[in-house]
Amino acid sequence: MLSPSTPQRLLVAGAGAIGCTLAARLAAAGHTVELLARGATLQALRQHGLQLDDLDGHWRTPVKALAEPGAIADVIFLCSKSQDLPALAAQVQPAIGAQTLIVPLVNGVPFWFFHGAGGRFDGRTVHSVDPGERLGTLLPLAQVLGAVVFVTAEAEAPGRVRSRTPHLLMLGEPAGGISPRLQALCALLADAGIEARPLERIRDKLWTKLIANLTSNPLSVVTRTTLAQIYSDPVLLDTVRAVMHEAMLAAAAHGARLEIDPIEFLRLGAGMGAVRTSMLQDFERGRPLELAAIGDAIVELAELYALPMPATRTLLAQTRWHAARRAADTAPACALKAA
């Protein structure tokens, strides 16, 4: 049984910026933390340890950096890009016990979206994020807690992370309600300096994050702009508003109780400043884009209510065009280098 008052065995699977932030704070709070990593990051963690600079100072904390999980964990935090989650879920199988809590910290529509949702879509698979229906098999749905991530961090080097905003997670049972295990996990995180809010209706807040991601991430790739520009430039605002309104209608169709004031939403977005989205950073580094979870899955949810989503579909198509063009432009250089 998870207890916030005693040290727990925690597995953080994924040593990116979010995973390292979480692991550093939890280890500093006295928990046994195993951090799954690979390549240069695994080597750096083993040689130099995990380092985090955040609003509370500099943390150099003892974590066990592993290529594969060790013992069964009390809690597993899955910290990866959505497209990498199936492989990560397969990797952590040895750490999943009958009482292990599993917390995916992933952008976009989650694979568990319809688990415990009730209504005519209860138990349905979101095919855009789980096309082979593997995730629901690999990760026992009864042991999954939903999460909406409001932690921003950037990896300055392998194993060294900087975060300049408060750490905030919102957590909830997919079936709703405030359970003892949800309260215990929130208390454990709060004790580690991570604000964790238990939500009775996790999908309401999830839709708010989905709308923020959908209106910013793809457009940042198409226009190579920051959040401040996306949410304030008159030329871009027509697209932002059209996509936002389509997503809000989809959210309402699925029963979400949104707290979004569209005018305030744009003002807050512009106030984020010269921030480049994670999708733009991935695009610039030639990495795969999270379009399936952030975009395609929302279109899939809208289709269940015959909502056409024309502005969203156009934006996603344009984003894919830019990604394909970049891949084509860089392919000859990569081939020449390899030769």
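Using a 10 Å Cβ count of at most 11 others and DSSP loop calls, identify the longest part of the chain lacking such trypsin sites (Lys or Arg not before Pro). Here the longest run is 1-119. Ignoring GluC sites (Glu not before Pro) that are buried or in helix or strand per DSSP, and keeping those with at most 16 other beta carbon atoms within 10 Å, what is the longest stretch of the chain between them? Longest site-free region, per DSSP loop and neighbour criteria: 1-132. Structural descriptor for segment 169-283: relative contact order 28 percent, calculated from alpha carbon pairs under 8 angstrom and at least 6 residues apart. The accessible area of H322, taken with all protein chains in place and a 1.4 Å probe, comes to roughly 40 Å².
Taking only alpha carbon atoms, segment 197-274 gives an Rg to Rh ratio of 0.99, where Rh is the Kirkwood radius.
At a probe radius of 1.4 angstrom, the accessible area of the chain per residue rounds to 44 square angstrom.
Here the Kirkwood formula puts the hydrodynamic radius of segment 187-339 at 16.9 Å, using every distinct Cα pair.
Enter the mean projected area of the convex hull around the alpha-carbon atoms of the chain, in nm², rounded to one decimal. List each step's numbers first, then the result.
Working: hull surface 69.3 nm².
So the mean shadow area of the Cα hull is 17.3 nm².
Of all aspartates and glutamates in the structure, the ones whose alpha carbon falls short of 15 Å from that of K64, not counting any fewer than 8 places away in one chain, are E34. Here is the list for segment 224-331: chymotrypsin sites (Phe, Trp or Tyr not before Pro) lying in DSSP coil, each with at most 15 other C-beta atoms within 10 angstrom of its C-beta, are Y305. Of all aspartates and glutamates in the structure, those lying under 12 Å Cα to Cα from K205, and not within fewer than 8 positions of it along the same chain, are E259.
Highest GNM mean-square fluctuation among A293, A327, A253, for the chain modelled with Cα contacts below 10 Å: A327. Paramagnetic label reach from D53 (point 7 Å along Cα→Cβ; backbone nitrogen cut-off under 18 Å): within segment 134-167, residues 152-167.
The values are calculated or read from the model by the stated rules, or taken from the named source; none is laboratory data. Bear in mind that the values here come from a model prediction, so they are computed numbers and not experimental data. Cβ: placed from backbone, ideal geometry, glycine included. Neighbour counts: every protein chain shown. Just so you know, the surface numbers come from the protein's heavy atoms only, side chains and all, with ligands and any DNA or RNA stripped out. Shrake-Rupley method; radii C 1.70, N 1.55, O 1.52, S 1.80 Å.
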